[in-house]
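A quick write-up on the structure given underneath.
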Amino acid sequence: MTNIVNHWIGGKTAEGASGTYGPVTNPATGAVTTKVAFASVEEVDAAVAAAQEAYLTWGQSSLAQRTSVLFKFRALLDAHRDEIADLITAEHGKVHSDALGEVARGLEIVDLACGINVQLKGELSTQVATRVDVSSIRQPLGVVAGITPFNFPAMVPMWMFPIAIACGNTFVLKPSEKDPSAAVKIAELLSEAGLPDGVFNVVHGDKVAVDRLLEHPDVKAVSFVGSTPIARYVHTTASANGKRVQALGGAKNHMLVLPDADLDAAADAAVSAAYGSAGERCMAISAVVAVGAIGDELVQKIRERAEKIKIGPGDDPTSEMGPLITKTHRDKVATYVEGAAAEGCEVVLDGTGHTVDGHEDGHWIGISLLDRVPTTAKAYQDEIFGPVLCVLRADTYEEGLALINASPFGNGTAIFTRDGGAARRFQLEVEAGMVGVNVPIPVPVGYHSFGGWKDSLFGDHHIYGNDGTHFYTRGKVVTTRWPDPADAPAGVDLGFPRNH
């Protein structure tokens, strides 16, 4: 009998009632291993209602109570990290070490949420006028929702809900239907940690569930991570329904390599950042811009390293890169390589014919490296989300910078150089939200916020860090005057209030 991944509503498993299910596939074998229940509008409403009821008490709970639960959750998450990584590998396909790294990065945000007390401190100004004090405080919003992608089924939800619930909100998560089990395991661990029923809920599904969350009047804010077209849709739809929105979209991250760079270090970084997790990262480096005469040598060094990568099942400890999430996605990624030569690219490595012995039905694709890629090529213009690295050439720093800034995306970028002045110019002049200096994947630590510019972000707030706290709370200013016992009666005064 096929296993079923069900919803988690009001602190317990809620069996799917819509009669609609989606397949969950092991990407390494191509076999359907389980199916996931898709929520109807009524099931989404039930999850929101459970969250709304829980908010009545959780929103008034003490910071000590909230952080106590999160400390216990952190310990459980740490103890079960291998189990969660196994679920990720089985449904996403990434190698176990990469899945463990994902859980570790999620733990960083749980750490931040455990210390949320400091970020929620208010401000007080005394004696702004005679016996008048003004204070600023931050309060939770209510029910908030998260809609998360397949590529990080544990980490991206943990970018959202720990801070949201630490701030006093309740949460409804709609994870990717392609790898849903990690979200349910997290819900179970939160319950075991003592989180009250209804504070954290999980509903699975497709556009029906997403649209209902975007429309539901009791959902006050929506966090989203995914492709740019869907991010734009989520932002437009949720905003039109009066919600606060942070919608993180796609990327085409560039790495600018200057002539003075350590080319071995740059090649190591390019291969790691382009092909890690099979390129299914919004922070993957997918375009290297080689400046000056170093291009040929850099491409050769990248090729030498890329050819040694061992591709295989994620549960094989010797594998360095796993399969892609679905056969459909694998085939789409292959089209960019197959059509590259006709668009003027030099195909240095073509991984489209790669297979793995004993796993012939898996969603396999090998390493692809394209050189002298014109900016008109589809492989450059689109977010491929696979193990395809484009190398472009530029004569000068200025030309390389202009090329990067002309991209409609502005998620992350990096520069490799030994020149501190050039690096400083780059971090000020490049149009991207996250910049690495000799760091290929500049994902900020938990206490700094993650987010891009341009078509990589829709909304005003980045995710986690200080922006996360501000997104999940709203400010209130209180002006107070307490009369002194010695004061004479003020009497009626219809004039403009005096501040002195």
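The values are calculated or read from the model by the stated rules, or taken from the named source; none is laboratory data. Computed from a prediction, not measured in an experiment: that's the story for all the values here. Ideal geometry is used to build each Cβ from the backbone, glycine not excepted, and the neighbour counts take in all protein chains shown. With ligands, DNA and RNA removed, areas are computed over all heavy atoms of the protein, side chains included. Shrake-Rupley method; radii C 1.70, N 1.55, O 1.52, S 1.80 Å.
Overview of values
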| item | result |
| --- | --- |
| Cα-based helix-to-principal-axis angle, 41-58 vs the chain, degrees rounded to 10 | 50 |
| Region 389-422-region 185-216 distance, computed between alpha-carbon centres (Å) | 41 |
| Estimated D of region 319-404 in µm² per second, where Rh is the Kirkwood radius over Cα pairs and Stokes-Einstein applies at 37 °C, 0.692 mPa s | 238 |
| Dipole of the chain, positive end: most advanced residue of Gln60, Met255, Val437 [Cβ charges, Cα centre] | Gln60 |
| Sequence-separation-based contact order of the chain, relative, with Cα cut under 8 Å and 6+ spacing, percent | 18 |
| Cα long-axis angle, helix 96-114 against the chain (0 to 90 degrees, to the nearest 10) | 20 |
| Global geometry of the chain, whether rounded, prolate or oblate, following the gyration tensor of its Cα atoms and the 1.5 cut on a/c | oblate |
| Charge dipole (the chain, unit charges on Cβ, about Cα centre) - positive-most of Ala278, Val347, Val172 | Val172 |
| 222 nm mean residue ellipticity, helices alone, for the chain (DSSP H n ≥ 4; -39,500 (n - 2.57); rounded to 500) | -11000 deg cm²/dmol |
| Listed peptides 77-83, 176-182 by packing density, highest first (mean Cβ within 10 Å) | 176-182, 77-83 |
| Reciprocal of mean inverse Cα separation for region 1-141 (Kirkwood radius, Å) | 19.0 |
| Those lysines that a straight Cα-Cα span of less than 27 Å connects to Lys207, excepting residues fewer than 8 apart in one chain | Lys12, Lys35, Lys94, Lys174, Lys178, Lys185, Lys220, Lys243, Lys252, Lys327, Lys332, Lys454 |
| Taking the convex hull of Cα positions in region 136-274, its mean projected area over all directions (nm²) | 11.9 |
| Cut-off under 5 Å, modelled amide H: who pairs with Val288 long-range | Met255, Cys390, Val391, Leu392 |
| For region 80-88, Karplus couplings with θ = phi - 60° (6.51, -1.76, 1.60), whole Hz, Gly/Pro x | 9, 4, 5, 5, 5, 4, 4, 5, 5 |
| Charge dipole (debye, nearest 20) of region 290-369; +1 at Cβ of Lys and Arg, -1 at Cβ of Asp and Glu | 180 |
| Along each principal axis, Cα extent of region 103-173, largest first, Å | 57, 23, 14 |
| Percent RCO, i.e. relative contact order, over region 351-500, from Cα pairs under 8 Å lying at least 6 residues apart | 14 |
| Ordering of 317-325, 275-283 by burial proxy (mean other Cβ atoms within 10 Å per residue, highest first) | 275-283, 317-325 |
| Order by protection proxy (mean Cβ within 10 Å, highest first), peptides 164-173, 114-123, 213-222 | 164-173, 213-222, 114-123 |
| Dipole magnitude (debye, nearest 20) for the chain, charges at Cβ of Lys, Arg, Asp, Glu | 1400 |
| Carbon/sulfur fraction of accessible area - region 338-461, other protein chains in place, 1.4 Å, % | 48 |
| Centre separation in Å (Cα based) which lies between region 303-379 and region 4-41 | 30 |
| Principal-axis tilt of helix 155-166 within the chain, Cα atoms, nearest 10 degrees | 10 |
| Rounded accessible area per residue of the chain, 1.4 Å, Å² | 41 |
